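First comes the structure, then the notes that go with it.
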Amino acid sequence: MHKLYWIAIVALLLMISRNDVQESAQAAPKAKGAVDTTATTKTSASSAAPQLDMTMTGELSAVEAAKKANSMNRPGDHNQWGASPLRNNVSDAKNVATEWEVGEFDDETGVWNKDSSKNIKWGIPLGSQTYGNTVVANGKVYVGTNNGAAYLKDRYPAEIDLGVLLCFDEKDGKFLWQDSSEKLHTGRVNDWPLMGTCSSPLVEGDRVWFVSSRGEVKCLDANGFHDDKNNGPVTDEKFTGKNEADVIWVYDMMKQLGVSQHNMANCSIAVSGDYLFVNTSNGVDEGHLNLPSPRAASFIALDKNNGKLIWSDNSPGPNVLHGQWSSPAYAVLGGVPQVLFGGGDGWVYSFDARGENGKSKLLWKFDCNPKDSKYTLGGRADRNHLIATPVIYNGKVFIGVGEDPEHGEGVGHLWCIDPTKRGDVSPELVFNSKDPEKPIEHKRNQAMVKEDGDFARPNPNSAAVWHYENHDFDGNGKISFEESMHRTCGTVAIANDLLFVADFSGLVHCVDVKTGKPYWTHDMLSAAWGSPLIVEDRLYIGDEDGEVSILKVAKELEVIGEVSMGNAVYSTPIVANGVLYISNKSFLFAIEAPKQAASVPGQTPGNVAAAK
Amino acid sequence: MKTHWPAIVVWTAICLTAGFSAQSLAVEVDPLDWPNWRGPEQNGISREKGLVESFDPSSGENLLWKNEEAAGISTPIIMRGKLYTIVRDQPETRHEREKVLCLDAVTGKKLWERAHNVYLSDVPAERVGWSNIVGDPTTGRVYAQGVNGFFQCLDGDTGKEIWSRSMHEEFGLLSTYGGRTNTPVIFEDMVLASAVIIGWGDTALPAHRFLGMDKNTGEVRWLNGTTVRPEDTTYSTPVLTVLGGEAAMVFGSSDGACWAFQPRTGQPIWNYKMSRRGISVSPVVEGDTVYMTQAEENLDNRGMGSIAAIKGIGNGDITKTNTLWNVKEVTAGKGSPVLLDGRLYVVDDSANLHIFDAKTGKRVGKRPTKLVGTMNSASLTAGDGKIYAMSTGAFQIMEPTATGVKFLHKGRLDAGDIIIGSPVISHGRVYLPTPNALYCLGTKDQQPSADPRPALPKETPAGNDDQPATVQVVPAEVLLAPGQTQTFKVRLFNDRGQFLKESSAEYSLQGTGKIDNQGTFTAALGTNHSATTVTAKVGELQGKARIRVVPPLPWKFDFNDIHLAKDAKSGRDEGEPPVTWVGARYRHKVRDVDGERVMVKVTYIPKGTRSQSWFGPTDLHDYTIQADLRANKAGKLPDMGLIAQRYTLDMMGESQQLQIRSWTPQVATNFSKTVPLNWEADKWYTLKFSAGVKDGKAVLQGKVWPRGTQEPAEWTVSATDDLPNLHGSPGLFGNATNAEIYIDNISVTDNGNASSPAGRSAAK
C-alpha cells in the first residue's frame, strides 16, 4: 500500500514535469513585437549549427574549469564572472597579496596619490557606483560602472548618466575604450539612475559579450577600434574613435523579446561552445505587483557568433516576485549539458542546454523556499528569490536565496542540489485537500496557504542533498542572529570541501560541502553584497564598509587580515595572472605582492587578527 | 489618567514660541511633550534627566509596556498625555487600511483610532504609515499625511476630523511604490505639507512643493517649490528656525539641495546644492549654522555622500560661498543627526556612527563606531547625556567619551524587520517604535525632571521693517463652480517674511469671471472648465491666486477646440490638455492623429509615463466616465484606464485584462476585480466606468467595446467594495512607458440615481 502510493506520486510527477516542459515551450514568446524566429530554423538546418562544449563537466575542479574557459585566452586569465561556467571563484595563483594600502586621495581634487599606496600596481578611477565585477583577458581589464569618471568627457561629461563598460590595459591600467549605454527613456522602472553597468562581460579571444543597462546582449570587439577596423555586422556606429567600442552585434531583449527588466538588466553571461545563456531580468513594473511582460522570456540561449536566438523559456512567468538578476551556470552534469538559472520566483531551473527543436527543454526545477513561506515587501518576508549564481562543485549545485538588499537581511537558505533528478525536485510538494493526490500549481507569494486547504508532503523525488539555515553553535537551545543564514546575493566559493558564502548581515559562513554542517560564522559587522574569492588557502571578501576580510580556508576560523579599500566594496575580488583586482564604488585597484616578499600561507602579517 | 507633574515642570510656552507670533502665547504648553517626531526643539534632543540606561526585552527590564498595534515605521509623538502614531490598520487582512492611532502615553492603552482607505496609491501595505504625526501644542490637534496623499486635521482628544484634503486629487501629489511620504510641520497658525507635486497650470511640471495651509481650515496660503523635474521623491522634515533674525524653514529637497524658505510666504531665502539626487534627511540647526547630510552622488562627482556645515545666512545660491566645512564620502541619507555638546553625531546608512567637531568638521576618534547591524534608517535621539540609537533590528544607548562613545547598552530587538522609526523621549519615558511593537521604556516610580531649554534665537522685530515686500493672496488656490463666489484676502509681509497687515488691493483677472474691489470673485456662468488668475496689486507689489472653475456634470471633452502650435523640440503641432486637469499636462499632449484631434499620453518623459490625472471636485459620486482609447502600436501594449470615485478601471495591455482596483499594489489581497480582456493596438475602444454608492457599499461597473460598434448591454466587469470610497474626482490612469495612448471623447455623466444624486456636498 505504502509503496504503491509512492509509485503513484512518482508517476504523477513525471507527467507533471513533462507537461511543464510542453507548457514552457508553448509559452515561448510569439507575436510580441519583432521576435526573432530565424534562429530556430538555423539550428536545425544550417551546417554551422551551434555546438556545445561537452567537456565542461561538473566534476572538473574550479581551476581546471577556469583553464578550460580560457582556452582562447591566456591560461591565468579570469575571463568571466565566477572564473568559469561552473562559477566557482577559485584561483591557483601563488604569491597573491595579503597586505596592501590603497593610499590617500586629495581632499579637494579627489586625485589619488599612488606614492602613498602600498602593493598597488595601478589604480584607475571608475564611476560613482560600481557593481560590475572585473574580468581580465588577453591583456585587457574590463569593468562595468557608471559615467562618473567620464572617460569620454567631450561626448559624455560626468553629468550625463550612462551605463559604461570600460576596457583598460592590464599592464598599466591605461584606458583603451568604453562602451556607452545611454539611460532608457522609460526611466528607473527599467534603468535605475546612476547604477551603471552591473553585469560582467565574457571574453573569448577578441570577442566580448555582456548585458547592457539597456537590456541588450552586446557583442564587442575586444580590440575596439585600436585594430583600425570597424568589425561588423554592426558597422554603423556613430562614433568610431579609438576610445569608443566597436560593436559586432546587438540583441535587444526589450525589443526582440518584449522583456521589461525591473530597475536594471543584470546578467553575467554563461557560455558553452557557441551557446550564450542569458537571464533576461524580466520583472515587475513601478507598481511592483504587475508584471508588464508576463509572457516575455526569462531565460534564453543565443548563438554567440551572430546573436541569433536558439531557444527561450519563460518558466517563472507571472510568478516573478520582483526582478530576475541571477546569472546562469553551465556544466555537463550526469552526462547531460545543463544550463542552470536562478528564477525570480525563487526556483532553480535546469534546462538541457541544447534545447529541443528550437524550444527549451526543462530538466528539473527546485523551489529554494519553504512552501509556507510568504513573500511580502521588506525584511519580514520569508519567501525570497534568487540573485546569487548557482555554483557547480563535484557534480552538485549550490545556491543561497536573496532579495533586493534594500529590503533587509531577512532569513536565508543555502542548498546543495543533486542535478541528476528530473521534474519537480523540490524538497516538498504542495497538495490541496480537495484533491489530496495531485500536486497543485505553484502560487506566487505563498506556495502553500493552509487556510485554503493546502498542505505539503515531502517529495520522494527531492534533489535536496542538504539545506543550511542556521546552527546552534553555542548549544544554548536558541538560534541567535549570528547563528543564522540571512539573505544573500552572494555566490558561494568552494575549495577543499569547504563552502563559503557571505550574507546581507555581514556574516561569512563556512559550511561542510558534503554535509551542510557549518563550521563557523564570522561577523564582518557590515553587509556583504559581493562574493568570496579563494586563492591558496585564503578567502577574500569585501563589505559595505569598504573592508576586505582575508580569512583562512579552514574548519577553524582564522582572520588573516582586514584591509580598508576606502569606500564600499560591492564587487567580488578576482585574481588574474597573479594580480588581485578589487574595486570599491569608485576605483579599481590592481594589487600585487612584491616579488621578493612572498607571503607564506598560514603566516599572518602582524596586527591583523584584531577583531573590529 | 493624567500624570502628576513634579514642581520642577513648569507649564509654560515661552521657549516654544519665543520670537514667533503672539497668538499662541496664551496657551499652556507642556515642555516635556514631544509634539513632533524630532522633538520639541526639532533636533532629536530632550532636556530630561534620569532616563533609562538599559533595556532587556526578554526579561522585561525597564519595559513599562509594549503595544503591537502601534508597531510600524512611523515615529510617534507625545502631547497632552497622549501618544499619536500612524500605522497599518488590520495588517494583512482584506480590510487593511492606514490609520491614525492614539494611545494613552502612560499606559499604552488605545484611546481612539481613525482609519482611511489607501485609495489610488502605489504605496504597498508594508510602507503604510511612512510619515509621522505632528501635533499642535497650542490646540491639541494632530495632523496626518497619509501615504496616498490623504491629509487630515484631527481633534486630538477624539480623533474627529476637523478638515481633510485629498492632496493627490486636488494638487497632484505623487504617491509612489517607494512610499516616501513627508511629515507636516506646524508653524504659528499654519500647517506646512509637502510632496513631489505634478499639478496644473504653472505647477504642471514635477517639483518638490510645499503647501502652506491655514491649520484651522486647510485653506491654502501659498504653494511653492524647488527646482522642477527632480530626480527623486524625498521625506526631509523642515526645521523651523530663525537665521540671522529671519524666520526660516530649512529642509532637504527632492532636487538635491538644502533650502531655506520663509515659512509665512513660501518665498525662498537660499539654497545649497549637494547632490543630483534628492535629500531625505532632516537638518540640524544650531544658531545660524545648518548641518545637512546626504548619501547620493556629490555634485563635483567625487564619490557619494557628504556632510555639510552651512552658514545659514544669505540669499539665493549659497553653495559656493557658505560652506563652513564639508566632509565627503559619509553616506548618511536616512537618519538625521544630533548635535550634542559641540559634536555632530551622524549614523551612515550602513550603521556606522561618525562624530565630528561641529565647529571644525574634524573627526572625533580615528574610525567610525560600529552600531549593531548593517543598515540604518532611524534618527538619533539624545537625552540625559546619552544617545539613543536604533539600527537595523537593534537598540543601543551610548555615552560620549573623550574619543567617541561608550556603549551603556547594546542589543537586538525582536523587531521583525528593518527599524525605521526613531526613539522618542517624553516625561521620563523612552519610546521605541519597531515593526513588531512599540516599546515604552522607563521605571514605574520615575519623577520626570528636565533642564530648561535653551532660548531660541529671536526674529528681528517686525516693527524694524514695516515696508511691504510680499503680497499674499488667500486662498492661493481654490476650486469653484460657475457662479460661485470667493472673497480673497490680501496679506502683506516685509522682506523678512513677517506679517505686517491685511490690505486692500487693486484686483485684476487673467481669465474669466469678475472681481470687485473688495476682493470678491464671482466665477463665470456656463459649462466651461477654466482657470483664472487673480492679481492683487498693492503699490508696486503684486501677488497672485489661482482659481479653477469646474461646472457641475455632465462634462464632455473632445479636445477639438484646443489650439495646436509647432513644438520647437519635437517639430510637431501640439497643444495642451485642459488647464484645470491635475497631473495631465507634461504627461500628455494634444495632437492630430489620423485626422482626429486627441490627447496623447507621451512616452518620452523620464518620469510620469505611468500616472494618474484628475478633472475636478473630489466630492463627486454616482457618476459614469466614458472615453475612447487607443494604444499606439509599439513593441508592447500600454495600460490605459479611467478613474471614478477613487477607483481605477484599467485595460491592461500586456496582461490582457480588465481590472477594477483602488490600491494598486494590494490587488491580490484587497479589493479588486479582474477579468480577461483581449484587445490590441491601433484600434479604438470605448471604455465606460460607472461608480456609485448603494447600501453603504461602492458599486462599480465597467465595459469596453470597439468604438463605433453597438454598446453591449452587459457590463464586462462588476464589483462591490464593502470598504467603499464614497466619492472622488473623475480622472485618467495610463502607463505609456512602452507605447503612446490616444484618448478622445471623454464624458462624465450623472448616474441619475435619485436617492444618491451625483453631486458635490461643498466646494473646496
Please give the number of the condition residue B:98 fails out of (1) out of contact with any Gly (no Cβ under 7 Å at 6 or more places or on another chain); (2) crowded, with 24+ Cβ neighbours inside 10 Å. (1)
For region B:200-235, which residues satisfy the criterion of being in contact with a His (Cβ under 9 Å, 6 or more places away or on another chain) and either polar (S, T, N, Q) or over 22 Å from residue B:123 (Cβ atoms) (or both)? B:226, B:227, B:233, B:234
Positions within region A:418-434 being farther than 25 Å from residue A:446 by Cβ and of a type in the set (Ser, Thr, Tyr), in sequence order: A:420
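Please tell me if residue B:363 is surrounded by fewer than 20 Cβ atoms within 10 Å (Cβ to Cβ), at pLDDT 95 or above and within 13 Å of another protein chain (Cβ to nearest Cβ).
Against the criterion (surrounded by fewer than 20 Cβ atoms within 10 Å (Cβ to Cβ), at pLDDT 95 or above and within 13 Å of another protein chain (Cβ to nearest Cβ)), residue B:363 qualifies.
Of the residues that make up region A:497-511, is at least one assigned to a loop (DSSP other than H, G, I, E, B), within 14 Å of another protein chain (Cβ to nearest Cβ), out of contact with any His (no Cβ under 6 Å at 6 or more places or on another chain) and of a type in the set (Ser, Thr, Tyr)?
Taking every residue of region A:497-511 in turn, none turns out to be assigned to a loop (DSSP other than H, G, I, E, B), within 14 Å of another protein chain (Cβ to nearest Cβ), out of contact with any His (no Cβ under 6 Å at 6 or more places or on another chain) and of a type in the set (Ser, Thr, Tyr).
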Report yes if residue A:189 is buried (at least 19 other Cβ atoms within 10 Å of the Cβ) and within 14 Å of chain B (Cβ to nearest Cβ), otherwise no. yes
Selection over region B:469-520 where residues are outside any loop (DSSP other than H, G, I, E, B), of a type outside the set (Gly, Ala, Ser) and surrounded by fewer than 19 Cβ atoms within 10 Å (Cβ to Cβ) yields a count of 12
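Conditions (1) over 24 Å from residue B:669 (Cβ atoms); (2) in contact (Cβ under 8 Å) with a residue 12 or more places away in the chain; (3) among the aliphatic types (A, V, I, L, M), marked per residue:
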| residue | (1), (2), (3) |
| --- | --- |
| B:682 | yes, yes, no |
| B:692 | yes, yes, no |
| B:697 | no, yes, no |
| B:700 | no, yes, yes |
| B:708 | yes, yes, no |
| B:711 | yes, yes, no |
| B:714 | yes, no, no |
| B:735 | no, yes, no |
| B:739 | yes, yes, yes |
Within region A:73-126, how many residues turn out to be of a type outside the set (Asp, Glu) and outside any loop (DSSP other than H, G, I, E, B)? 15
The conditions are (1) without any contact (Cβ under 8 Å) to a residue 60 or more places away in the chain; (2) part of a loop (DSSP other than H, G, I, E, B); (3) within 14 Å of chain A (Cβ to nearest Cβ); (4) not small (Gly, Ala, Ser), and residue B:182 fails exactly one of them. Which is it? (3)
Among the candidates B:108, B:129, single out the residue that is outside the structural domain of residue B:723 (by TED's automatic domain parsing), within 30 Å of residue B:445 (Cα to Cα), at pLDDT 95 or above and part of a loop (DSSP other than H, G, I, E, B). B:108
Would you check if residue A:278 is assigned to a strand (DSSP E or B), more than 30 Å from residue B:124 (Cα to Cα) and of a type in the set (Val, Ile, Thr)? yes
Counting only residues that are crowded, with 18+ Cβ neighbours inside 10 Å, give me the strands (runs of 3 or more DSSP E) lying completely in region B:625-744 with at least 3 of them. B:639-644, B:647-652, B:657-661, B:685-694, B:697-706, B:717-721, B:731-735
Counting just the residues of region B:602-624 that are more than 13 Å from chain A (Cβ to nearest Cβ) and outside any strand (DSSP E or B), which one comes out farthest from residue B:547 (Cα to Cα)? B:622
Scan region A:96-122 for residues that are surrounded by 17 or more Cβ atoms within 10 Å (Cβ to Cβ) and more than 14 Å from chain B (Cβ to nearest Cβ) and jot them down. A:96, A:97, A:98, A:99, A:100, A:117, A:119, A:120, A:121, A:122
Filtering region B:68-91 down to residues that are among the charged types (D, E, K, R) and in a strand (DSSP E or B), which residue is farthest from residue B:112 (Cα to Cα)? B:88
Cβ-Cβ under 7 Å, sequence separation 6+ or interchain: first residue in region B:107-125 and touching a residue at least 60 places away in the same chain (Cβ under 8 Å) and within 30 Å of residue A:285 (Cα to Cα), partner assigned to a loop (DSSP other than H, G, I, E, B) and among the acidic types (Asp, Glu). Which pairs? B:122/A:286; B:125/B:96
Going residue by residue through region A:513-530, is there one that turns out to be surrounded by fewer than 24 Cβ atoms within 10 Å (Cβ to Cβ), within 14 Å of another protein chain (Cβ to nearest Cβ), assigned to a helix (DSSP H, G or I) and not hydroxyl-bearing (Ser, Thr, Tyr)? no
Of all residues in region B:255-307 being of a type in the set (Gly, Ala, Ser) and within 14 Å of chain A (Cβ to nearest Cβ), the one that is nearest to residue B:187 (Cα to Cα): B:280
Can you confirm whether region B:538-552 contains a residue that is outside the structural domain of residue B:732 (by TED's automatic domain parsing), over 30 Å from residue B:690 (Cβ atoms) and without any contact (Cβ under 8 Å) to a residue 40 or more places away in the chain? yes
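The values are calculated or read from the model by the stated rules, or taken from the named source; none is laboratory data. Quick caveat: nothing in here was measured; it's all calculated off a predicted structure. Using ideal geometry, Cβ is built from the backbone for each residue, glycine included, and neighbour counts are taken over all protein chains shown.
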